[in-house]
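To start, the structure under review is shown below, and the notes come after it.
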Amino acid sequence: MLSQTMPITATSTGKNTKLVSFEPSHSWLKRCDSEGVTILQGGYRVNPQGRLQKNDENVLIQFDGHSRYYGSIASLGSHESPLTQRKENNARFGFAATLKPSDDLCELIVILSHWDEDRARAIGESLKGHYSVMKNGIPIRCVVKQVITQLEDEGTYQLLKPRLKPGRTLLIGSGQGTSQEWVINADGFFMGSATENLAVSKLVRMIADDQQIRAASLKLGESTVNLDAVTQALKTKSYGSLHPEIWESITDRYVGQWYESFKNYLLKTYSTELQSISNIVFSGGGAELIRNRAEKFAIIPQDAQTSSVRGAYGHHSAMLGVLNG
């Protein structure tokens, strides 16, 4: 487990202090606090022009002299994809996009989750400091005073721990760009690494290469399908003008193929480990897609896409005794 970047003291839980859990995952920005979960598609347009729709899923921020439009609408057109960006260079803007009016004039303690310890510390350092943000026309001023770093999916383990059998746990976090493969000892120590072997991006590329999807997508001479649009459609279950039943048929076929490769990889890679494993846990957006197929042998938390960020918040709020108003 990772060590926090600053010690937590009793004075950290003052009247205007808020605890926030934040995960700048590939494709989705996820946040949890006492008001619940915020999830925002991480694609953005730089310095957008003209009239824009602004709501919880589509966010226009003015911050540090720049303007960015985040969310579902931005990700459907020409935009910057999180898959091509280094998180430590963009996490501060992503965090600014998840700020709330209730954060105004608050000092924030942020729990930051990432699969790489050094990268987590770098991202955590980038988040610290003052924020003066105009979000959808609302000014928000706050300061990130402390950052606590921990492994991505450690929050899922913290969330599910009361349900787990004694012994070792195999925890697979299937995200968009990476999949975290953790073997967790009975004492809670995480071993493993992140790979792309079980990432949702493989499924997205399979769907994007389908002839029906290409025919529905490439109409004015474009050469490639917008992968972020496919990612969005996996969550909304709707893809452009394609009939919902056709979309469902296409995705069901490819999700089935992806699941078989997912299962075969686990059996091949962890055949020896499985002999001493008490719990198998799947989390992340990928787990949500294979829930009906995998729940026969694995634990999948409710709303698996946000289980890590929710678990991290719940664990640390209990440790700190923080009740945010």
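Computed from backbone phi, the HN-Hα couplings of the range 36-42 come to x, 9, 10, 9, 9, 5, x Hz, rounded to whole numbers (Karplus: 6.51 cos²θ - 1.76 cosθ + 1.60, θ = phi - 60°; Gly and Pro given as x). Where the centre of each part is set by its Cα atoms, how far does the range 63-101 sit from the range 266-318, in angstrom? Each part reduced to its Cα centre gives a spacing of 28 Å.
Classify the range 269-325 as rounded, prolate or oblate from the Cα gyration tensor: take a ≥ b ≥ c as the square roots of its eigenvalues, call it rounded if a/c is under 1.5, otherwise prolate when a/b beats b/c and oblate if not. Please list the in-between numbers first.
Numbers: a/c = 3.55, a/b = 1.81, b/c = 1.96.
Oblate is the answer for the range 269-325, as a/c is 1.5 or above yet b/c matches or exceeds a/b.
Over all other residues within a Cβ to Cβ distance under 11 Å of LEU170, the charged ones net out to -1, with Lys and Arg as +1 and Asp and Glu as -1.
Cβ under 14 Å from ILE207's Cβ, ILE207 left aside: what net charge do those residues give with Lys, Arg +1 and Asp, Glu -1?
Net of charged neighbours comes to +1.
Give the whole-number value, in cubic angstrom per residue, of the convex hull volume spanned by the C-alpha atoms of the chain. Intermediate values should be presented prior to the final figure.
Values: hull volume 43.5 nm³, N = 325.
Expressed per residue, the convex hull around the Cα atoms of the chain is 134 Å³.
Listed by chain and number, the aspartates and glutamates placed with their C-alpha closer than 13 angstrom to that of LYS268 are GLU260; residues fewer than eight positions away on the same chain are left out. Annotation for the range 117-208: GluC sites (Glu not before Pro) lying in DSSP loop with at most 15 further Cβ atoms inside 10 Å of their Cβ are GLU196.
For the range 182-320, the relative contact order is 16 percent, taking Cα pairs closer than 8 Å that sit 6 or more residues apart in sequence and dividing their mean separation by the residue count.
Loop-located chymotrypsin sites (Phe, Trp or Tyr not before Pro) in the range 259-325 (DSSP state other than H, G, I, E, B) with a sparse environment of at most 15 neighbouring Cβ atoms within 10 Å: PHE297.
If contacts are Cα pairs under 8 angstrom and at least 6 residues apart, what is the relative contact order of the chain in percent? Could you put the intermediate results ahead of the total?
Details: 624 pairs, mean separation 64.8, N = 325.
Reported as a whole number, the value is 20 percent.
Summary value for the range 80-148: 40 percent relative contact order, contacts being C-alpha pairs under 8 angstrom separated by 6+ residues. Electrostatic tally near ASP116: other residues with Cβ closer than 12 Å to its Cβ, Lys and Arg +1, Asp and Glu -1, net 0.
Pull up the DSSP beta bridges for the range 67-193 and report the antiparallel fraction as a percent, rounded to 5. Walk me through the numbers before you get to the answer.
On the way: 17 of 26 bridges.
Restricted to the range 67-193, the bridges split so that about 65 percent are antiparallel.
Each residue of the range 80-97 was assigned a 3J(HN,Hα) from its phi angle through the Karplus expression (A = 6.51, B = -1.76, C = 1.60, θ = phi - 60°), giving 8, 9, x, 5, 9, 10, 7, 4, 5, 8, 10, 4, 5, 5, x, 5, 4, 5 Hz with x at Gly and Pro.
Taking LYS296, LYS161, LYS235 as the candidate residues, the one with maximal mean-square fluctuation in a Gaussian network model of the chain, Cα springs under 10 Å, is LYS296.
Solvent-accessible surface of the range 69-133, taken per residue with a 1.4 Å probe and all protein chains present: 38 Å². Distance from the alpha carbon centroid of the range 111-175 to that of the range 190-252 works out to 27 angstrom. The Cα atoms of the range 79-153 define a convex hull whose projected area, averaged across directions, is 5.4 nm².
Measure off, as a whole percent, the carbon and sulfur share of the 1.4 Å-probe accessible area of the chain, all protein chains present. Could the numbers behind the result be given before it?
Details: 7560 of 14930 Å².
For the chain, the apolar C and S fraction of the accessible surface comes to 51 percent.
The values are calculated or read from the model by the stated rules, or taken from the named source; none is laboratory data. Just so it is clear, the structure is predicted and the values come from calculations on it, not from any experiment. Neighbour counts run over all protein chains shown; Cβ positions are idealised from the backbone, glycine included. Accessible surface is based on the protein model in full, side chains and every heavy atom, while ligands, DNA and RNA are left aside. Shrake-Rupley method; radii C 1.70, N 1.55, O 1.52, S 1.80 Å.
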